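The values are calculated or read from the model by the stated rules, or taken from the named source; none is laboratory data. This structure is a prediction, so every number in the text was calculated from the model and none was measured. Heads up, the Cβs are rebuilt from the backbone with ideal geometry, glycines too, and the neighbour counts pull from every protein chain shown. Heads up: the accessible areas ignore ligands, DNA and RNA and are worked out on the full protein's heavy atoms, side chains in. Shrake-Rupley method; radii C 1.70, N 1.55, O 1.52, S 1.80 Å.
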Amino acid sequence: MKVSKKIFVCACALLVLTSTMSAAKKSKKAKKTKATEISWMFWDDLEATSDLMSQGYAQTIERFNKQYEGVYHCTPITTNLEEYDMKLNALIAAGKAPDLFICNPGPNLSSYVEAGAAKDLTTILTKNESAWYGTFTKGIFERLTYDGKIMAVPTNFAAALVFYNTELFKKAGCAVPTTYEEWIDCCKKLEKSGVTPVACSAGTPWCLSMLAGYFCDRAGGPDNLAKVNAGKGSWLDPSFKNGVGKLKELSKYFQKTAAGDSNDQATAAFYNGEAAMLVQGSWVIGQINGARPDFEAKCGVFSFPAIKGGSDPNRMIVKTDNLVMSSTTKNEEAVIALMKMFTDDTAQKYTAEVAGKIPVTGVKFDLNKAPKQLGYVQKILAKSTGTLGFYNESLATVEAGDTFDNAMVDIFLGSCSVDEGLQKIENFYKKNIWK
């Protein structure tokens, strides 16, 4: 099997393997049987988490082990999100890949496909006009397909939006902003009322670059990103400067500890009432409501504001969480059974009615049982004219995404100007992409 540079370099991280494997959470109900044992790697602690989506995954594993007792058994391998890629890559490089693992779309998935580490699922999904394939939402496999081959199965769908505290908005006399200028005016009013306007994590770079990606798209639209990836554009284009410049201006209204705060800390600042707004994917609904159920009643949602004179303001950043089967698994049938359970009606109804995320199948669910925020998200999505991925997951390579993330952090910290930060990305593309 060909090993990509990304996975190969992680071989140096093999020292973490012992601790990673020992950290695998073994089911308390596991019995000594001849059941086929499989592993699934995930980016959260399934036993300690308060995140409602992660709790749903844990329930699926428990349901799987109970239903297939004596036949199949799954032992999760869990780690935190920040270390997930490094530890997964180390396991793959060592020839100890988990049978199944979760993965982001874009360059992350591409690297596993190109390395031959991911199993082609096309036949599994579609053979004999499979009823399983027919349950999925039309178009959901678009970003998971390579040369006509489906390489991953999605488990849920989320959109990135602005979550806001309705009580703090009312107190400050703020209306929901629809333009960037209105957003800044709202931030000024909130600051004057004594509350931090926006919670954001620069300590978790993708959170910051998600805002940057939105601003760049609002300023210049999808063509600019497509052009730079194809070598027909420049990161020094005025629309990129406009978008990133607005990120820099908005960052004046972040919490004072944003530079070092993690994503979890920034999210907590929002649901604890310390900050009035949070720009996040709708996966955060499960995190917010799991930690503070009482906050649901005052948590509103609005679309990322427009930039006057810019591009389409109704495009949404969206993404799926995805299951990848290892190409080296010896237990394909057991893995397929688990994948089907992650996407069956029970799991998908939970996704919507409890966790507040969007199902990837046509399952019927009761919106009245679901978190109120999901209803808000769906109304916004109904007006959407198109979608885009996370910017750092939409660039030419994983390394290009990292370069973008790091440049946005440098700009936020003031260690370089907007022009200098974009020049760093331009230089990376000239050296590694445009050749």
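Assorted remarks:
- Taken together, 329, 346 contain a single residue that is of a type in the set (Ser, Thr, Tyr), at pLDDT 95 or above and closer than 20 Å to residue 112 by Cα, which is 329.
- Scanning the stretch 257-301 for residues that are farther than 22 Å from residue 156 by Cβ, in contact (Cβ under 8 Å) with a residue 40 or more places away in the chain and among the charged types (D, E, K, R) yields 261, 274, 298.
- Selection of first residues in the stretch 201-216 that are over 14 Å from residue 393 (Cα atoms) and of second residues that are in a helix (DSSP H, G or I) and basic (Lys, Arg), restricted to Cβ pairs under 8 Å at least 6 apart or on distinct chains, gives the following pairs, ordered by first then second residue: 215/246.
- Only residues that are open to solvent by 40 Å² or more (accessible area, probe 1.4 Å) and more than 20 Å from residue 316 (Cα to Cα) were counted in the stretch 235-251, giving 6.
- Against the test of being modelled with pLDDT under 95, open to solvent by less than 10 Å² (accessible area, probe 1.4 Å) and closer than 26 Å to residue 217 by Cα, the options 105, 154 yield a single qualifying residue, 105.
Yes/no per residue for (1) surrounded by 16 or more Cβ atoms within 10 Å (Cβ to Cβ); (2) more than 15 Å from the chain's Cα centre (by Cα); (3) of a type in the set (Lys, Arg); (4) more than 17 Å from residue 253 (Cα to Cα):
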| position | (1), (2), (3), (4) |
| --- | --- |
| 139 | no, yes, no, yes |
| 179 | no, yes, no, no |
| 190 | yes, yes, no, no |
| 211 | yes, no, no, no |
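- Selection status of residue 207, of a type outside the set (Val, Ile, Thr), crowded, with 22+ Cβ neighbours inside 10 Å and at pLDDT below 95: yes
- Within the stretch 406-435, considering residues that are part of a helix (DSSP H, G or I) and among the basic types (Lys, Arg), the one most open to solvent (accessible area, probe 1.4 Å): 431
- For residue 223, the conditions (1) within 14 Å of residue 412 (Cβ to Cβ); (2) open to solvent by 40 Å² or more (accessible area, probe 1.4 Å) all hold with the exception of (1).
- The conditions of being of a type in the set (A, V, I, L, M), within 21 Å of residue 177 (Cα to Cα) and under 21 Å from the mean Cα position of the chain (by Cα) are not met by residue 323.
- Here is the figure for the stretch 219-239: residues that are part of a helix (DSSP H, G or I), under 17 Å from residue 429 (Cα atoms) and touching a Phe, Trp or Tyr at 6+ places or on another chain (Cβ under 9 Å) total 4.
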